[in-house]
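Below is one structure, written out as structure tokens; comments come after it.
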Amino acid sequence: MNIHEYQAKQVLKAYGVPVAHGLPAFSVDEAVKAAETLGGPVWVVKAQIHAGGRGKAGGVKVVKSIDDVKSEAKRLLGSTLVTHQTGPQGKVVQRLYIEEGSAIDKEFYLALLVDRETSRLAFVVSTEGGMDIEKVAHDTPDKIINVSIDPATNICPHHVRAIAKALKLPMSGPQQKQLAKLVTELHRAFVEKDMSLLEINPLIVTKAGDILCLDAKINFDSNALDRHPDIKELRDVTEEDPKEIEASKFDLSYIALDGTIGCMVNGAGLAMATMDIIKLYGSEPANFLDVGGGASKEKVAAAFKIITADPKVKGILVNIFGGIMKCDIIAEGVVAAVKEVGLKVPLVVRLEGTNVELGKQILRDSKLNVIAADDLDDAAQKIVKAVGKG
Ligand code: GDP
Ligand code: MN
């Protein structure tokens, strides 16, 4: 689960992490009030959307008067911000964060993440902060330094030294102390709150020499949210894909993607393989979907409806290897969904496993226009071809 920058800063502040004073605002009036409360003389008006790259897209403005806070708030609220992370459709700005301005001396990149290669948490840091870290990783990968944390020791002085060295910060004195505290607190927050990603870009040194988090992005492990009711409350469903929200109501593992071929598969591994093979034959999947093992007819029908409701979908591939999942349940679910919402795109079905003959019979009896496939390879080729023709 994702949260907004201002919420992430509140979470971090509770751990003693240094962030600037700021207040959220849902209207122009609230923005003005927030600015008055903060007092100035410099404010930053920041659009709150679940995407980065706001600065370059005009979503972060440093201003020097309440009048300018007001006009920037007017401009941003309700507008659609298109950044390199939102996709071309952009995201509508519904919340603002008004923050006191900081005088920046240096900008760094600092992230804490789960490093799957080492099965450890790792700090990823760079002197090239504030900008596109993906570009830094691509053009100058040696400027990104990875500091791996052994879970048996947690944060040790040598980790802090490695980070300080990477960021060219002092190895002693007040700034070193601030960095040591920051690293320890971020690590503690990450572990205690079951985060999956914590990204501070930029982490800054102010002109006064203090370390401060100027931006904050946090992802939480959704599977752990039941342990954190306080975090769960921060969810902003208006930022999420409506198809994914609908899918979560039915406990479906669904992730919306940009392609044209809708996929309904059982098992995460088979779903990944299905997406790969669609790409291999030159097309792109419109979603990841694992209907799971013990899905009911209703759940299958819900999944199929979510796929067909996506205007990007130009064809559907149902790929079921029935073990615990029974092929007849899949067939019944598909037929029920089509009866309700119709079927305007080609549908390729590959069924194998438990009750396969029964499943195929149900599809034949339904007189649905189904293109039958024998195996995964055959199925992928058929749907890519069918969509290509359409
Ligand atoms: P992002 O573009 O979505 O990552 O938004 P950020 O919160 O990182 O802001 C983008 C950039 O705006 C930062 O890298 C800073 O250069 C600048 N910025 C943000 N807050 C301040 C501030 O308080 N003072 C100054 N001078 N610049 C700021
Ligand atoms: Mn940023």
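Below is a table of values for the structure above.
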read-out	value
Unmet requirement for D226, which otherwise passes all of (1) closer than 30 Å to S126 by Cα; (2) loosely packed, with under 15 Cβ neighbours inside 10 Å	(1)
Top-ranked residue of region 35-68 - restricted to ones that are over 27 Å from D236 (Cα atoms) and β-branched (V, I, T), ranked as nearest to ligand 1 (Cβ to nearest atom)	V42
Region 47-61 - residue that is assigned to a strand (DSSP E or B) and under 15 Å from G130 (Cα atoms) and, of those, nearest to ligand 2 (Cβ to nearest atom)	V60
Pairs, first basic (K, R) in region 8-24, second surrounded by 16 or more Cβ atoms within 10 Å (Cβ to Cβ) and in a loop (DSSP other than H, G, I, E, B), C-beta under 8 Å, six or more apart	K9/A216
Matching option when the condition is more than 16 Å from ligand 1 (Cβ to nearest atom), modelled with pLDDT of 95 or more and closer than 30 Å to N154 by Cβ, among A273, A180	A180
Inter-residue pairs, beta-carbon under 7 Å, first surrounded by fewer than 13 Cβ atoms within 10 Å (Cβ to Cβ) and in region 168-187, second in a loop (DSSP other than H, G, I, E, B), 6+ apart	K168/T127
Verdict on I324 being touching a residue at least 24 places away in the same chain (Cβ under 8 Å) and surrounded by 15 or more Cβ atoms within 10 Å (Cβ to Cβ)	no
Hits in region 207-223 (condition: within 9 Å of ligand 1 (Cβ to nearest atom) and open to solvent by less than 20 Å² (accessible area, probe 1.4 Å))	A216
Region 265-297, residues that are open to solvent by 50 Å² or more (accessible area, probe 1.4 Å), in contact (Cβ under 8 Å) with a residue 40 or more places away in the chain and not aromatic (F, W, Y)	L280, G282
From the options I204, I255, residue that is surrounded by 14 or more Cβ atoms within 10 Å (Cβ to Cβ), part of a strand (DSSP E or B), of a type in the set (V, I, T) and within 16 Å of ligand 1 (Cβ to nearest atom)	I204
Unmet requirement for H138, which otherwise passes all of (1) within 16 Å of ligand 1 (Cβ to nearest atom); (2) modelled with pLDDT under 95	(1)
Any chance A331 is over 23 Å from L257 (Cβ atoms), in a helix (DSSP H, G or I) and either open to solvent by less than 10 Å² (accessible area, probe 1.4 Å) or modelled with pLDDT under 90 (or both)	yes
Scan of region 347-390 for residues that are assigned to a loop (DSSP other than H, G, I, E, B) and either in contact with a His (Cβ under 8 Å, 6 or more places away or on another chain) or buried (at least 16 other Cβ atoms within 10 Å of the Cβ) (or both), ordered by number	T354, N355, S366, L368, A373
Close pairs (6 angstrom Cβ cut-off, 6 or more residues apart or separate chains): of a type in the set (A, V, I, L, M) in region 107-133, within 16 Å of ligand 1 (Cβ to nearest atom) and open to solvent by 30 Å² or more (accessible area, probe 1.4 Å) anywhere	A111/E199; L113/L197
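The values are calculated or read from the model by the stated rules, or taken from the named source; none is laboratory data. Since we're looking at a predicted model, the values are computed, not measured. When we count neighbours, we look across all protein chains shown, and the Cβ atoms used for this are built from the backbone with ideal geometry, even at glycine. Accessible surface is based on the protein model in full, side chains and every heavy atom, while ligands, DNA and RNA are left aside. Shrake-Rupley method; radii C 1.70, N 1.55, O 1.52, S 1.80 Å.
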